[in-house]
1. Determine ³J(HN,Hα), in whole Hz, for all residues of segment 63-75 in sequence, where each value follows from phi through the Karplus function 6.51 cos²θ - 1.76 cosθ + 1.60 and θ = phi - 60°; x replaces Gly and Pro.
2. Lysine pairs in the chain 8 or more apart or on different chains: how many have alpha carbons under 17 angstrom apart?
3. Apply the Karplus curve 6.51 cos²θ - 1.76 cosθ + 1.60, θ = phi - 60°, to the phi angles in segment 89-99 and return the couplings in whole Hz, x for Gly and Pro.
4. Can you match mean projected area of the Cα convex hull in nm² to one of these, (1) 6.9; (2) 8.0; (3) 7.4, based on a calculation from the structure here?
5. State, as an integer percentage, the relative contact order of the chain based on alpha-carbon contacts under 8 Å between residues 6 or more apart.
6. If I stretch the segment between L61 and K84 completely, what's the gain in nm (0.36 nm per residue apart, minus their alpha carbon distance), one decimal?
7. What is the distance in Å between the Cα centroid of segment 82-111 and that of segment 26-55?
8. Using unit Cβ charges (K, R positive; D, E negative) and no other charged atoms, how large, in debye to the nearest 20, is the dipole of the chain about its Cα centre?
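A short reminder: the numbers here are calculations on the coordinates, not readings from a lab. As the structure is a computational prediction, the values presented were derived from the model and not from experiment. Virtual Cβ from ideal backbone geometry, glycine too; neighbours counted across all protein chains shown.
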Amino acid sequence: SDGSIRLHQMTSEYPLMQWNDSTKGQPIVALQWALTRPAVFFALDASSKIYIWDLLENDLLPVAKQTLPSEKVVTMTLLGEPEKANGLLGIVLAKESGQIDIQYVKKKWALP
């Protein structure tokens with residue numbers, strides 16, 4: 001609810017890493033690991049901003065941020081085929097009106 005993200009290992013109650021105030025206080029409404037690239041995850045905050053984290057490139061800050069204009073996005077999920085090396089990764093965005101939008105991610109964050 002405060003924009004903090006914690007990375008846990010299943011065998012410990014303490015986080016391996018923690019990023020406080022990663023969304024400048026905005027609550028995180030969705031977070032998901034990339035299906036095609038294990039070190040990348042995406043977070044959506046309550047102000048409809050998507051944060052892309054690539055832990056191999058930078059483990060302190062997101063490598064990209066994208067504000068989604070117009071209508072509020074209420075949730076997201078990722079689509080892709082992890083068993084294929086084509087690097088195709090999409091973000092499915094559900095808007096407040098019920099509209100669905102699919103956007104594809106740059107290959108550098110999608111390739112295995």
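1. Along segment 63-75, the couplings run 7, 7, 9, 9, 7, 8, x, 6, 6, 5, 9, 9, 7 Hz.
2. 13
3. In residue order, the calculated couplings are 9, x, 10, 9, 10, 9, 8, 4, 6, x, 6 Hz.
4. (3)
5. Working: 239 pairs, mean separation 21.3, N = 112.
Result for the chain is 19 percent.
6. 5.4 nm
7. Segment 82-111 and segment 26-55 have Cα centres spaced 12 Å from each other.
8. For the chain, the charge dipole is close to 300 debye.
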